[in-house]
Amino acid sequence: MATINAVGVGLSGASGTGNFAGNNSPSLTTPKINQVNDVNGNPSLAFNAASSAVNYLAVGNSAAAAPVFFQALGNDTNIAISYVSKGNESHQFYTTATTRQILVLSGAAYANSTILNFPVSDQFFTFPEASGTIALTSSIPTGAALTKTDDTNVTLTLGGSPTTALVNAASLTLGWTGQLAVSRGGTGISSFGTGVATALGQNVSGSGGMALTTSPTFVTPTLGAASATSINFGGTSLANYLEGSITPTIVSSGGGSVTYSFQGGAYTRIGNRVIFNFQMGLATNSLSAGTITLAGLPTNCVGNVAVSIWCVTLNVAAITQIMGYVVNGTTTIALSKYAAGSTTSLADTDLAATTTFIVSGSYPV
């Protein structure tokens, strides 16, 4: 028992005010404590002092069936509570409850409750390195089956409320039964069969069964521009059709040159046959000594093929006929003259300064 040696004389080292406190279950009012030790003298609870502190932590007990609590109090309107572990260790909360392990009360007067139920076996949850809202399975929308039997537009809206709802669907099957119009990407018919070929929709012509794209058989078709590599009319395939122009020239085996007052022509290739015609007239003649050929046909000839030649203003008399043929494997026409019962090659000396040739014919390729 503490005693006093004189009235009004303080004890050495005393602090605080009020009555003396015994060491058994004392009642202390606002004591200054840095640390609480256990019965062995080891630290159990330490208090870290903040300079000019205005906020603090209150610890409260409770009556029956009510929770004990930690509460932030102080001068500030909003005060957070921080739980800080040391190093890489975790925050650990222990409970033997099998449901409702965490209850969060929020809002005005703590009127709103959020309950978290955790599994009773070991589980691990990893959150991604991303920000966003977690969608719950209760947010997955449900609805009735969609059935359409006409060709009207159908809009499927996937999602629900909230906008972050998950769409949990094993498969989506979309389609129509019945007729789908050509304007909507369909065939315009509900079944394929014989009869008028209306299955192709717009711009359909002809009649009879449907024709497939591989090796079809047509009866009296009307053909436009063909994009295929060949067309077969029941015999040999027609693989080419070409039209073009010709610029013919006069060539002497001895060289030299000429100028033209006019030159030009055209050709048509149908399959393996070239049909052509051209004409040219000389303006000047400076050819060197040699035999004369006409050049400039579009494609090499297969075999030697005679052509028709009309020629005026030659520099030679008594010629009965001018003849020519397309030379095998070339695009040139060899020229000959027939006179006095013999045939010789047309020479440069046979041409005048203004000789004119008109030539036509056809040859295989």
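Quick note: the coordinates plus some simple rules give every number you see, no bench work behind them. Keep in mind that this is a model prediction, so the values were computed, not measured. We place every Cβ from the backbone using ideal geometry, glycine too, and count neighbours over all the protein chains shown.
Couple of notes before you dig in:
- Residue-span extension gain [Ile79 to Ser288] - 0.36 nm each, minus C-alpha spacing: 63.8 nm
- Ranked Met210, Met323, criterion: other C-beta atoms within 10 Å, fewest first: Met210, Met323
- Using a Förster distance of 35 Å, the FRET efficiency for Ala46-Val104 (Cβ separation, nearest 0.05): 0.75
- Ranking of Phe118, Phe357, Phe262 by count of other Cβ atoms within 10 Å, fewest first: Phe262, Phe118, Phe357
- Working note: Cα atoms of region 286-325, range along each principal axis, descending, whole Å: 34, 25, 14.
- With Cα atoms as the point set, the radius of gyration and Dmax of region 22-95 evaluate to 15.7, 43 Å.
- Volume per residue that the Cα convex hull of region 243-364 spans, once the total is divided by residue count, Å³: 87 Å³
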